[in-house]
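Every number here is computed from the coordinates shown, using simple stated rules; none is lab data. Quick caveat: nothing in here was measured; it's all calculated off a predicted structure. Please note: Cβ atoms are built from the backbone with ideal geometry, for glycine as well, and neighbour counts cover all protein chains shown.
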Amino acid sequence: MNKKRHRKRVIPGFGLSMGVTLAMLSLIVLIPIASIFVSASGLSFNEFIKVVTARDVMSGYQVSLSCALTAALINCVFGVILAWILVRYEFPGKGVLDGLIELPFALPTAVAGIALTSLYSDKGWIGHAFAQIGISIAYTKIGITIAMVFIGIPFVVRAIQPVLEKLDKQYEEASHMLGASGKRTFFRVIFPEIFPAMLTGFGLALARGIGEYGSVVFIAGNIPYETQIAPLLIMSKLEQFKYQDATAVALVLLVISFVLLLLINAVQVHMSKITSTSH
Amino acid sequence: MSQTNKAIQQKSTNSNAKGVKVLLISLGVIFIFIMLVIPMIAVITYAFQDGLKAYQEAIFDPYTIKALQLTLLATVTAVAINTVFGLFAAWTITKFKFRGKQLLTTLIDIPFAISPVIAGLVLVLTFGKIGWAYDFLNAYDIKIVFAVPGIILATVFVTFPFISRELIPVLSAQGTDEEEAAALMGAGGFNIFRKVTLPHIKWALLYGIVLCTARAMGEFGAVSVISGHLRGKTNTLPLHVEILYNDFQLTSAFAVASILVILAVIILILRNLIEYKAKKAGEK
Amino acid sequence: MYVELKNIDKSFGSFQASNDVNFGIEQGKLIGLLGPSGSGKTTILRMIAGLETPDSGDIYINGVRVNDIPAGKRGIGFVFQNYALFRYMSVFDNIAYGLEVQKKSKEEIKDRVSELIKLIGLEGMEKRKPNQLSGGQRQRVAFARALAPNPQLLLLDEPFAAIDAKVRQELRSWLKDMIYKIGVTSIFVTHDQDEAIEVADEIIITNHGRVEQKGSPLEIYKHPETPFVAQFIGQSTILEDCTRLNGFAEVKPGEKAVIRPEFINITRKDEVQKYISAVEEGTIEAIAYRGSYFEIKVRVKGILLTTTAVLEDVYEIGEKVGVLIYRLYIFDEDNAYLLENKAMVDINSVFI
Ligand SMILES: Nc1ncnc2c1ncn2[C@@H]1O[C@H](COP(=O)(O)OP(=O)(O)OP(=O)(O)O)[C@@H](O)[C@H]1O
Ligand SMILES: [Mg+2]
């Protein structure tokens with residue numbers, strides 16, 4: 001007898017709930033996403049290459065990638081520090097600090113964008129100080145990076161925090177008992193444990209940074225070939241009604257993000273193999 | 001090593017550890033203060049820099065009110081649609097075995113992974129003048145791009161996975177035993193869902209709704225692409241902030257932004273409250 | 001037969017969890033499904049309940065083929081291994097749920113639930129949530145919940161597994177009494193043979209997805225039909241070739257032998273030996289304290305045997321002892337027989 005027909009489900013309601021899920025997913029997400037491929041197929045291969053290798057587009061990718069990468073690295077450092085102090089230390093105001101971490105998720109990106117721009121412009125509270133020693137922050141890559149640090153920090157902290165919480169304290173105590181210094185204990189014993197989580201956070205922060213628009217676009221200043229980010233290029237192509245060009249730029253951006261995430265995933269798998277064999 | 005020597009060393013490592021602790025806490029606090037707190041203070045300060053009257057004017061400006069209304073409409077719709085979706089999707093994924101489950105989970109997460117600008121682009125490509133759905137919609141006189149439905153659709157799209165993402169881990173940790181027990185007694189799907197499953201995800205659902213609200217009300221990139229910036233028509237609060245800012249009406253821009261800051265703070269407080277309650281209820 | 005399984009096969013992916021399972025159960029009987037972990041007990045139970053669908057084969061309950069009847073309509077009560085009580089419902093609501101589903105009147109529900117709560121001895125705890133109950137109390141609630149809609153068949157998956165040893169003992173006899181009182185046909189799963197022997201009218205032994213044997217506890221103990229059952233029921237040893245043992249030279253090659261612990265007697269080297277030519281020399285390899293006796297592993301001609309010794313007999317690891325094997329179970333292709341030690345018989349006759 002046919003196996004499929006034979007198979008029944010115990011909990012009722014599968015058909016309906018699967019139907020609703022697929023219908024909504026298709027209507028709202030999948031069908032629109034498919035349009036990007038339909039639109040891209042309107043370009044010949046040569047045209048496609050020409051669009052995505054244009055000087056402004058290449059510089060856009062470069063700006064987005066380099067700033068997002070720097071920001072994600074900075075976030076790794078502070079993410080580890082923040083997760084560490086939130087899990088391992090007691091100090092007044094800890095609850096508030098913990099609650100604040102999600103602010104970049106809750107605060108609309110445009111608000112963050114104008115706030116950061118005003119703060120870091122040459123006349124702003126912070127930018128002013130730097131301007132006096134000849135460093136401009138707003139409308140430079142430094143400004144873009146700062147905005148991406150802002151938007152990415154919760155990803156890293158929240159990825160590491162649960163892992164640290166679960167990490168047995170006896171583990172590091174054992175290392176201390178063996179006479180290892182605090183620094184040594186951290187880098188040899190604790191860091192390897194939280195590294196995969198940190199990579200996850202790094203990947204999420206990186207992806208978010210590459211795609212981010214609202215908080216970055218104000219502080220970027222959009223100087224061609226210098227501080228134009230890739231999402232902005234898509235935007236301006238759309239404003240000029242160059243839909244296919246916009247699609248091409250977007251597709252490459254998608255591929256870049258995808259490859260980066262795959263790479264990070266591969267590193268993670270590799271890492272977990274190492275740790276699982278050494279155990 | 002002599003006794004005293006050992007003691008001294010002990011003491012020095014202790015004070016060393018204390019030094020590290022103070023250093024790390026300072027670093028963390030300073031980082032959060034500069035990166036997160038000062039920008040919030042800046043928004044509020046700039047908003048009031050021309051006095052209370054200018055602030056009031058900016059807030060009660062008809063365009064601001066209109067933008068607030070549209071933001072609320074888009075947010076409520078997004079939360080409603082995504083709640084329905086989240087409940088169905090989470091129930092389907094966690095309570096049944098079927099092929100392609102992993103693929104389905106990945107597909108649901110797409111909006112989370114792509115740039116909001118690309119999300120907007122995708123909608124323009126589908127429903128805009130060049131989109132293949134345009135002629136069909138036009139025949140029924142439905143306008144999506146550069147119109148309110150587009151704003152709502154973009155908001156729904158961007159926040160689509162938010163609620164299901166919160167529900168799935170909780171439901172999958174709970175397993176299917178209780179539902180099977182209920183099914184064995186002959187209960188129907190809806191009855192099982194309402195009486196057996198729903199109590200497990202009360203807090204997770206609320207949590208998802210709060211996150212979804214936060215993201216929906218603040219969405220900028222996707223909405224920006226699809227809005228056409230029609231003042232009073234397709235302006236949400238974040239877009240309104242942008243327009244004012246680009247018009248060099250800085251005080252007004254920050255005044256409007258301060259509304260969003262207050263909403264964000266409320267959301268943060270709710271979020272932490274719910275997380276605390278959920279932990280207590282043993283859901284997380 | 002009240003419940004009947006015919007040629008049931010079930011695979012999970014490439015893993016065969018049930019392999020041509022056949023058995024029948026009479027009405028009113030209490031059946032123990034016994035087997036090692038992973039042998040497919042839960043799978044069988046879940047297929048009868050309708051929680052799992054067999055790949056092929058038929059399941060009959062009361063003469064009706066139920067394969068195509070959904071779980072909720074089979075009229076079966078199920079007690080889950082971890083109880084699966086509704087965490088967010090009170091004890092009362094848990095037991096009432098099945099009745100509410102059947103749209104019984106409020107009065108009726110109240111009466112029936114009160115009756116059951118009294119039966120399980122949890123009066124006054126109606127309002128408690130499952131996490132405010134002890135393991136044993138939860139088990140009783142699960143039992144009452146399964147019984148509430150008056151099922152024709154009651155299935156219990158390891159009903160005592162999550163309960164500590166002392167309470168377990170009481171609960172066993174409680175459950176047995178309860179089931180007899182109600183008179184519902186029941187099948188319970190266990191991997192504890194004492195439990196099966198003590199509680200069940202009949203035992204079905206499973207291994208690797210197959211039913212190895214079905215019968216009363218005594219039958220199974222006395223006449224194990226397969227090497228697996230023989231080994232599983234006692235701490236027995238299976239020998240591929242036992243011809244090297246004194247007195248068993250006539251066993252044909254290819255025939256397997258099973259030695260039960262009670263088939264072996266060990267004696268000290270200096271003790272007087274009655275059957276000198278039958279006694280083997282062995283070395284003690286392990287001794288484990290089992291509460292009322294010692295379990296002893298002794299190696300004889302390279303074969304590791306398991307036997308027991310009373311607490312008064314204290315041996316040491318490495319000690320050389322005399323080992324007397326009275327008899328063996330011999331299994332050939334399709335049947336099993338008991339074989340006495342020939343050397344013992346011979347010498348006996350000489351002495352006489
Ligand atoms: N849903 C499933 N998917 C894949 N394999 C399964 C599934 N359910 C059971 N199995 C496999 O089938 C075999 C039999 O499982 P079953 O649960 O019936 O064993 P059991 O006899 O009840 O064991 P235990 O005493 O440990 O509960 C096991 O090897 C198990 O891994
Ligand atoms: Mg089992």
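Quick look at the numbers
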{"item": "Pair-distance profile P(r), taking every C-alpha pair of region B:86-185, with 10 angstrom steps and integer %", "result": "14, 33, 26, 18, 9, 1"}
{"item": "Tensor-based shape of region A:1-102 (alpha-carbon gyration tensor, a/c under 1.5 rounded, otherwise prolate or oblate)", "result": "oblate"}
{"item": "Partners for residue B:195 among lysines (Cα-Cα distance below 18 Å; same-chain residues under 8 apart left out)", "result": "B:95, C:103, C:104, C:106, C:127, C:129"}
{"item": "Charged-residue dipole, Cβ positions (Lys, Arg, Asp, Glu), region B:51-283 about Cα centre, Debye nearest 20", "result": "280 debye"}
{"item": "Cα centroid separation - region A:184-211 against region B:52-68, whole Å", "result": "44 Å"}
{"item": "Helix-only [θ]222 nm of chain B, DSSP H runs n ≥ 4, -39500 (n - 2.57) each, per residue, nearest 500", "result": "-24500 deg cm²/dmol"}
{"item": "Estimated 222 nm signal from helices in chain A, with DSSP H stretches of n ≥ 4 weighted -39500 (n - 2.57), rounded to 500", "result": "-24000 deg cm²/dmol"}
{"item": "Two-site FRET efficiency, residue B:106 against residue C:271, from Cβ-Cβ distance with R₀ of 56 Å, rounded to 0.05", "result": "0.15"}
{"item": "Helix-only CD estimate at 222 nm, as mean residue ellipticity for chain C, using -39500 (n - 2.57) per DSSP H run (n ≥ 4)", "result": "-8000 deg cm²/dmol"}
{"item": "C-alpha center-to-center spacing [region B:124-193, region A:25-87] in angstrom", "result": "25 Å"}
{"item": "Hz values of 3J(HN,Hα) by residue in region C:295-307 - Karplus curve (6.51, -1.76, 1.60), Gly and Pro given as x", "result": "9, 10, 9, 10, 9, 10, 6, x, 9, 8, 10, 10, 8"}
{"item": "Where labels lie 7 Å past Cα in the beta-carbon direction, separation of residue A:54 and residue C:338 in nm", "result": "9.6 nm"}
{"item": "Positive minus negative residues near residue B:58 (Lys, Arg vs Asp, Glu; Cβ under 13 Å)", "result": "-3"}
{"item": "Shielding of C:74-85 by partner chains, average beta-carbon count, 10 Å", "result": "3"}
{"item": "Ranked by how many other beta carbons lie within 10 Å on average, peptides B:52-62, B:212-222, C:277-287 from highest", "result": "B:212-222, C:277-287, B:52-62"}
{"item": "Proximal aspartates and glutamates relative to residue B:18, as straight alpha-carbon distance under 20 Å, when same-chain residues fewer than 8 apart are discounted", "result": "A:90, A:172, A:173"}
{"item": "Estimated vicinal HN-Hα couplings, Hz - region B:269-276 in sequence order (Karplus 6.51, -1.76, 1.60; Gly, Pro = x)", "result": "5, 4, 4, 5, 5, 5, 4, 4"}
{"item": "Lys, Arg +1 and Asp, Glu -1 on Cβ, resulting dipole of the protein assembly as shown about Cα centre, debye, nearest 20", "result": "2040 debye"}
{"item": "Inter-label distance, nm, simple model (7 Å from Cα along the C-beta direction), residue B:72/residue B:141", "result": "2.8 nm"}
{"item": "Global form of chain B, assessed from the alpha-carbon gyration tensor, a/c cut-off 1.5", "result": "oblate"}
{"item": "Per-residue ³J(HN,Hα) for region C:276-293, Karplus 6.51 cos²θ - 1.76 cosθ + 1.60, θ = phi - 60°, Hz, x for Gly and Pro", "result": "4, 6, 8, 6, 9, 8, x, 10, 6, 10, 8, 10, 10, 7, 10, x, 9, 7"}
{"item": "Chain A - charge dipole about Cα centre, Lys and Arg +1 at Cβ, Asp and Glu -1, debye rounded to 20", "result": "1180 debye"}
{"item": "Protection proxy ranking of A:95-106, C:299-310 - average other beta-carbon atoms within 10 Å, highest first", "result": "A:95-106, C:299-310"}
{"item": "Hits among lysines - C-alpha to C-alpha of residue C:269 under 28 Å, sequence gap 8 or more where chains match", "result": "C:297, C:301, C:320, C:342"}
{"item": "Pair residue A:262, residue B:279: separation of 7 Å Cα→Cβ label points (nm)", "result": "3.9 nm"}
{"item": "Using distinct alpha-carbon pairs, which all enter the 1/r mean, Kirkwood radius of the protein assembly as shown in Å", "result": "33.4 Å"}
{"item": "Global geometry of chain C, whether rounded, prolate or oblate, following the gyration tensor of its Cα atoms and the 1.5 cut on a/c", "result": "prolate"}
{"item": "Pairs of Lys in chain A closer than 30 Å at Cα, counting only those 8 or more apart or on different chains", "result": "14"}
{"item": "Average Cα contact separation per residue, region B:102-193, under 8 Å, 6 or more apart, as relative contact order %", "result": "26 percent"}
{"item": "Selection from A:137, C:308, C:237 lying farthest towards where the dipole of the protein assembly as shown points positive, charges on Cβ", "result": "A:137"}
{"item": "Long-range HN-HN contacts of residue B:185 with modeled amide H, under 5 Å", "result": "none"}
{"item": "Dimensions (Å) - region B:185-231, Cα atoms, principal axes, largest first", "result": "57, 19, 14"}
{"item": "25 Å tail of the calculated P(r), chain A, as % of Cα pairs", "result": "61 percent"}
